[in-house]
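See below for the structure under consideration.
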Amino acid sequence: MMSRQGSQCNLVFKTIMEIKISRIFLFVLVCAIINILFWCTQFEEYQTPSLFIDDSINNNGKCRQKHHKILTPFFLEAKNIEKYTNTLKEDYNIRKGFKVFVNTNQKTYARRDLYTSCIFSPRNDNGPIPVLFIVNGRSGSSNTWLTLNKLAGGIRRTEAVEAFGSDIDQNAKFFNSIRSEKEGAWWINEHLCEVTKINCDSPIAGIQWKPYVNTWKSPSAQGILKQIAHHNLNKDRKGHQIKVIYMTRNPLHVLISRQKHRSRHVPAHCSQSDTDCLENHKRFNVTLPIDDLMNDLQENAAQEKLIETTLRNIGINYYRTSYEKLYSCENAEEWMNIFRYLKRGPTEGLHIDDVENAFPMVKTTKVSLESLLANYDQVKQSLDGTRFADLID
């Protein structure tokens, strides 16, 4: 009798334990799913490519990517990591109501031995061509890059990463955080390679560099450029060459664009369907200050000379283009010249209509400076007889 009761008790106990284990398992499973969903939302919110990329391969034409948990901006300094991750924690705690662990082990030069070095895809692979896109702000860089990518066969919107910062302050912070040629060389090799892994289903993948003069001369910047030259000249290199595109724009148009976009009433870009945005741009006229104009133009000319001299001296095979060649011609020859340099995309038979249909944004600049400038006559008179006279349309 006692034995039967004992057996029944054991059965009841086992049943209770199974229920508890099932509940615990269910709780753990739910927590895991919530955690996965949370990190997925972080990938959507923080679109800047990561210093945490593990692996990405092309498998029968399909691109597979593996990511670490957190996406971190390239130009983030080590001392700001804690603040950045605390922001993530705070945002998560507010929305989700419980604690989260954030891994902050960045792939930095100091920690380089802890990570497998990134290897560029082989040349016989259909992966993206790595590109360093050197271009000042307000020079049509976004529309140009997105159009090149689309015309070359890109199936999704893939932007060039402003890894060095989008303004002069971020740029200075970036180059203050990597100070030697050796570190600069390591950084560009690892992170441009990582960008190609992130965008392994794109025809081109690149990093955009706004070349501020003070940081351009820094040891780490020189290390970046020397590493590109070394990579391209290396006969044992298995991956694609790193292509360098240097794009300029009439500095008067750059100055006008900067002043125009300081206004809250004029957005930086207009989509094809945004007629209100386009009308705002058409109605907006700018008055350029004359006192600083000559100095601004001289600084721009010195910057262009410095960049080209540096690229030539280091031995980088680059392609120089301009906003005017791309957007003010009635044919698509300059676009095809870029594709010939990249060895990717249409190199023959491309029409200007094909190019314009690929624009994700509308060209907002009016045809002539006379229609853009409220003080056109004054600007023209100040430039007459100088080496900048030909900048007037």
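The values are calculated or read from the model by the stated rules, or taken from the named source; none is laboratory data. Treat the numbers as computed from the prediction; the structure is a model and nothing was measured. Here the Cβ positions follow ideal geometry from the backbone for every residue, glycine too, while neighbour counts run over all protein chains shown.
Examine the range 306-315 for a residue that is surrounded by fewer than 14 Cβ atoms within 10 Å (Cβ to Cβ) and modelled with pLDDT under 95, and state whether such a residue exists. Within the range 306-315 (the criterion being surrounded by fewer than 14 Cβ atoms within 10 Å (Cβ to Cβ) and modelled with pLDDT under 95), the answer is no, since none of the residues qualifies.
Considering only the range 171-195, state which residues are more than 19 Å from LYS243 (Cβ to Cβ) and either without any contact (Cβ under 8 Å) to a residue 12 or more places away in the chain or assigned to a helix (DSSP H, G or I) (or both). Give the steps one after another, and end with the answer.
To start, the set of residues in the range 171-195 that are more than 19 Å from LYS243 (Cβ to Cβ) comprises 171-183, 186.
Residues satisfying the conditions are ASN171, ALA172, LYS173, PHE174, PHE175, ASN176, SER177, GLU181, LYS182, GLU183, TRP186.
Only one of ARG344, ARG340 is of a type in the set (Lys, Arg) and surrounded by 16 or more Cβ atoms within 10 Å (Cβ to Cβ); which? None of the other options fit; the residue is ARG344. The residues of the range 196-216 that are more than 16 Å from ASN136 (Cβ to Cβ) and either over 18 Å from the mean Cα position of the chain (by Cα) or assigned to a helix (DSSP H, G or I) (or both), listed by number, are THR196, LYS197, ILE198. With respect to the conditions (1) without any contact (Cβ under 8 Å) to a residue 12 or more places away in the chain; (2) within 23 Å of the chain's Cα centre (by Cα), GLY345 falls short on a single one, namely (1).
Closer than 18 Å to VAL254 by Cα and buried (at least 19 other Cβ atoms within 10 Å of the Cβ), is that true of ASN143?
On the way: closer than 18 Å to VAL254 by Cα: yes; buried (at least 19 other Cβ atoms within 10 Å of the Cβ): yes.
Yes, satisfied.
Considering the conditions (1) within 28 Å of GLY223 (Cα to Cα); (2) buried (at least 16 other Cβ atoms within 10 Å of the Cβ), GLU334 is excluded by exactly one of them, (1).
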